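Here's the structure we're looking at; comments come further down.
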Amino acid sequence: MEDLLLVSPQSAAWMDIVARLGGADAIAASAREHGAFHRSRGVKSAEDLLRLMLAYGPGGRSLRVTAAEAAARGIADVSDVALLGRFRCGADWLTALCETVLARRALPPDDGFEPSIRLIDGSRIEGPGKTCWRLHLSYDAGRQRISDFAVTPLDRGETLDRVTLRAGETYIADRGYPQPAALRKAREAGADVLVRLTWNSLHLRDEAGQPLDWLALFATAAETGKIDRRVTVRKPRGRFEPLPLRLVIVPKPPERAEAARKTARRNAQKDQHRADPRTLEAAGYLILLTSIEAAAFQPEPLAALYRVRWQIELAFKRLKSILYLDRLPAKDPQLARAWITAHLLLALMIDDTAAELADSPP
């Protein structure tokens, strides 16, 4: 990426990027449609504007260095202030280019994973001062690549419907995601869900409509090795049709359970209150809520399926450690969005290239 401004615009590497985005004409049309490029004053074409935005974003250059290198190489003759104005108008365009890459992907082959497994998570991207954004990802577990994303201000929290929910897919998410409205949206979209819970994440009722006795459930799980039963999700206030799902509780290994309970006690002491007995007991169990039928996944395989979720944690680590997505330099909101989305565009193309290499014969 460091060389994108240094090599010829006709280099094989750059022409490959252009081809993956549909060609120069498609890039130009998309830039006009999204208000990123109207006239060639200072910057000759939408393709050159894209080079500059990638050089500024994942290329790691400042606005001033980007402008100076562009002038030295004859790519553009603009000041850093003029680039700022151009880049601020480019976030929606870069998002559209990302959607182009996602739309052009073929269906995955049968490689041992269900292609419909999607891992959901979010991560903070912090910049200068109090600048902070949230990146929401949907990650294809079978093909090991990003399948959807959203960039939002920090005050828009983590929820399943930040990304597009599609019929036939199964969405796996951690403890921050079990929210009644989002779970219902996923089910109404024809998707399955598998989320981790704490004992007080949701208002759950048993088949008789009674609140769950969590201590009794944990005792049964300890004795039998699992809990697997039907429950309904409710809301304490407002109108909400009960949502039927399946509750699964599996004991953790003894050493992990004890470590989790020590952490729960330590957190209670730090907050200067006594730990709830249900919190201490819950620390020893993996609690899952799902729409997947027991005939498809019994408790132990379901717990193994949930643990696939760590793939998305590794995806965020790669974005931050390899593409330096955690080094946002911009305070301006529109410039920050453009900077983040430029990184995601490059990440999507890297995903595709890696998949092609993996599919190639030795």
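Residue 229 to residue 39: FRET efficiency via 1/(1 + (r/R0)^6), r the Cβ-Cβ distance, R0 56 Å, to the nearest 0.05?
The computed FRET efficiency comes out at 0.30.
Expressed in units of 2.2 N^0.38 Å, where N is the residue count, the Cα radius of gyration of segment 260-362 is 1.64. Prolate is the label for segment 48-193. Its Cα gyration tensor axes, ordered a ≥ b ≥ c, give a/c of at least 1.5 and a/b above b/c.
Assuming R0 = 22 Å, what is the FRET efficiency of residue 304 and residue 275, from their Cβ-Cβ distance, to the nearest 0.05? That pair, residue 304 with residue 275, gives E of 0.15.
The aspartates and glutamates whose alpha-carbon is closer than 12 Å to the alpha-carbon of residue 262, local same-chain residues fewer than 8 away aside, are 281.
Placing a label point 7 Å from the Cα of residue 77 along the Cα-to-Cβ direction, the residues of segment 31-62 whose backbone N falls under 15 Å from that point are 40-45.
Distance from a point 7 Å along Cα→Cβ of residue 19 to each backbone N in segment 29-63: keep the residues under 19 Å and list them by number. Of the residues in segment 29-63, 47-48, 51 have backbone N under 19 Å from the label point off residue 19.
Shown here for segment 136-215: trypsin sites (Lys or Arg not before Pro) in loop regions (DSSP other than H, G, I, E, B) with at most 15 other Cβ atoms within 10 Å, namely 156, 175. Here the contact order of the chain, divided by its residue count and restricted to Cα pairs under 8 Å and six or more residues apart, works out to 17 percent. The charge dipole of the chain, taken about the Cα centre with unit charges on the Cβ atoms of Lys, Arg (+1) and Asp, Glu (-1), comes to about 1360 debye, rounded to the nearest 20. Annotation: extensible slack from residue 99 through residue 185 equals 28.7 nm (criterion: 0.36 nm per residue apart, minus Cα-Cα distance). Across segment 257-338, C-alpha contacts under 8 Å between residues 6 or more apart give a mean separation that, scaled by the residue count, equals a relative contact order of 20 percent. Got a number for carbon plus sulfur as a percent of the chain's accessible area, 1.4 Å probe? Answer for the chain: carbon and sulfur cover 51 percent of the accessible area. Modelled label positions at residue 332 and residue 220, each set 7 Å beyond Cα in the direction of Cβ, lie 6.0 nm from each other. Annotation for segment 307-362: chymotrypsin sites (Phe, Trp or Tyr not before Pro) lying in DSSP loop with at most 16 further Cβ atoms inside 10 Å of their Cβ are 324. The alpha-carbon of residue 130 sits under 24 angstrom from the alpha-carbons of these lysines, leaving out residues fewer than 8 places away in its chain: 317, 320, 331.
Enumerate the lysines that residue 235 could reach by cross-link, defined here as Cα to Cα under 16 Å, with residues fewer than 8 away along the same chain left out. Within the straight-line cut-off, residue 235 pairs with 185. Exposure here means at most 12 other Cβ atoms within 10 Å; with GluC sites (Glu not before Pro) in a DSSP loop as sites, the longest stretch of the chain lacking them is 3-206.
For percent of Cα pairs over 38 Å apart, one of (i) 30; (ii) 17; (iii) 22 was computed from the structure I shared and the rest are decoys. Which label? Given (i) 30; (ii) 17; (iii) 22, the calculated one carries the label (i).
Calculate, for the chain, the solvent-accessible area per residue in square angstrom, rolling a 1.4 angstrom probe over the heavy atoms of the protein chains. Don't skip to the answer; put the middle values down first.
Details: 18120 Å² over 362 residues.
Per-residue value: 50 Å².
In segment 207-315, what trypsin sites (Lys or Arg not before Pro) fall in a loop by DSSP, with at most 15 other Cβ atoms inside 10 Å? Please report the intermediate quantities before stating the final value.
On the way: sites: 226, 229, 230, 234, 237, 239, 246, 256, 261, 262, 265, 266, 270, 274, 278, 307, 309; in loops: 226, 237, 239, 274, 309.
Sparse-neighbourhood loop trypsin sites (Lys or Arg not before Pro): 237, 239, 274.
The values are calculated or read from the model by the stated rules, or taken from the named source; none is laboratory data. Not measured: the values here are computed from a predicted model. Backbone-built Cβ (ideal geometry, glycine too); neighbour counts: all protein chains shown. The area values use the complete protein model at the heavy-atom level, side chains included, leaving out ligands, DNA and RNA. Shrake-Rupley method; radii C 1.70, N 1.55, O 1.52, S 1.80 Å.
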